[in-house]
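Here's the structure, in structure tokens; my notes come after.
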Amino acid sequence: MIRTGSQPEALLAWMDALSDPARLRLLRILERHELGVAELCDILQMPQSTVSRHLKLLLDQRLLTSRRQGTNHLYEMILDELAPPARQLWLLAREQTENWAALSQDDLRLKQVLNRRESDAASFFAGAAAEWDGIRAGLYGQRFDLQAILPLLPADYIIADLGCGSGQMTIQIARHIKKVIGVDASAEMLAAARQRLASAPNVDLRTGELTALPLQTAEADAALMILALTYIADPKAALAEMARILKPGGKAVIIDLLLHDRDDFRRQFGQKWPGFASGWILASLSAAGFEPQSISINPIEPDPEARGPALFVATAKRTRKDPPRHHTSEGS
């Protein structure tokens, strides 16, 4: 039961916000993915002025959040941050629109938008595979390597190297632990990795997306994701998968770009995101199934020769409970 006696105006405003079909469609989409105005226009097949007007109303009623990315803004609904009455109203609206035909159309276009994001990164890595080690060292230096390896030293570990690329880090880890499972979506990168790792019998290379990892639940003792998250269209789904494949209490290490405003850099290297703010990383890891008290996020001192944006290292332990399932456009 929604208690409204003390704030009927707020209740009426939320009901009004949910009374428009376009706004219901927007909320259904943005509950699952963080998107920009242009992407939402493509999905809804509506002009920018119309979509922007609906977004403003939803923001005013605190049904959405937004953040700046370069010259654009990204929008998202975070269910747990809604006021309790608004959350109850939305859950009822979502239940009553479950079989709405318009949502199937939106899901198809949403999938196209996400695929387009992924194809940009795939094209970049296909062209850069042979030179990627040198490119990465020139952009970010080498100082982050040691910080990534140190938390992963127990000799009996099985470690997942997620977004392993050409295997530069994989071979270093393999010298210290029982087994490394390297995963990458780029055929060109994996070909380079197989050549480099031909003499490493404890390395298992697998082809797969980081949002749908080819690993069993709780298969790894620890997981590493270095300079991969900015290339993923749905980074929250990748973090949820990272939690899924870890054993309870297993450790995750993530190294990536701190939030920056170099949009030309992001486009040049096919990245989906201009780095991440510490608050976003903390909230996303917690939601993915990592113990909030275990999460540590620290900037990495830039290498004097590095030309790219500054980096952070985040570590976290997977909760002892089963992590929450991540919502996707396919409803999984």
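Structural remarks
- Proxy reagent accessibility, fewest Cβ within 10 Å first, across GLU219, GLU241, GLU9: GLU9, GLU219, GLU241
- For segment 268-280, the Karplus equation 6.51 cos²θ - 1.76 cosθ + 1.60, evaluated at θ = phi - 60°, returns couplings of 4, 9, x, 7, 7, 10, x, x, 9, 7, 4, x, 5 Hz by residue, with Gly and Pro reported as x.
- Between the amide H of GLY250 and those of ARG318, distances stay under 5 Å, these residues lying 5 or more places away or on another chain, with hydrogens modeled in the peptide plane.
- Backbone amide hydrogens, once placed in the peptide plane, bring LEU205 within less than 5 Å of GLY182, excluding anything fewer than 5 places away on its chain.
- Gyration tensor over alpha-carbon atoms, segment 128-317, equivalent ellipsoid semi-axes in Å: 22, 21, 16
- Under 5 Å from the amide H of ILE226 lie the amide H atoms of LEU162, ILE255, each residue being 5 or more positions distant or on a separate chain, with H modelled from the backbone and absent for Pro and chain starts.
- Residue-by-residue Karplus 3J(HN,Hα) for segment 290-297, coefficients 6.51, -1.76, 1.60, Hz, glycine and proline x: 9, 5, x, 6, 8, 7, 10, 10
- Cα centroid separation - segment 225-285 against segment 32-86, whole Å: 21 Å
- Gain upon complete extension [ARG267, SER19; 0.36 nm per residue less C-alpha separation]: 85.5 nm
- Net charge of neighbours whose Cβ lies under 13 Å from the Cβ of SER294, counting Lys and Arg as +1 and Asp and Glu as -1: +3
- Ranking of ASP161, ASP80 by count of other Cβ atoms within 10 Å, fewest first: ASP80, ASP161
- Annotation: extensible slack from GLU301 through ASP156 equals 49.2 nm (criterion: 0.36 nm per residue apart, minus Cα-Cα distance).
- A Förster radius of 45 Å combined with the Cβ-Cβ distance from THR65 to ALA198 puts the calculated FRET efficiency at roughly 0.40.
Every read-out reported here was derived from the displayed coordinates using simple, explicitly stated rules and does not represent laboratory data. All values reported here derive from a predicted model rather than from experimental measurement. Note that we place each Cβ from the backbone using ideal geometry, even for glycine, and neighbour counts take in every protein chain shown.
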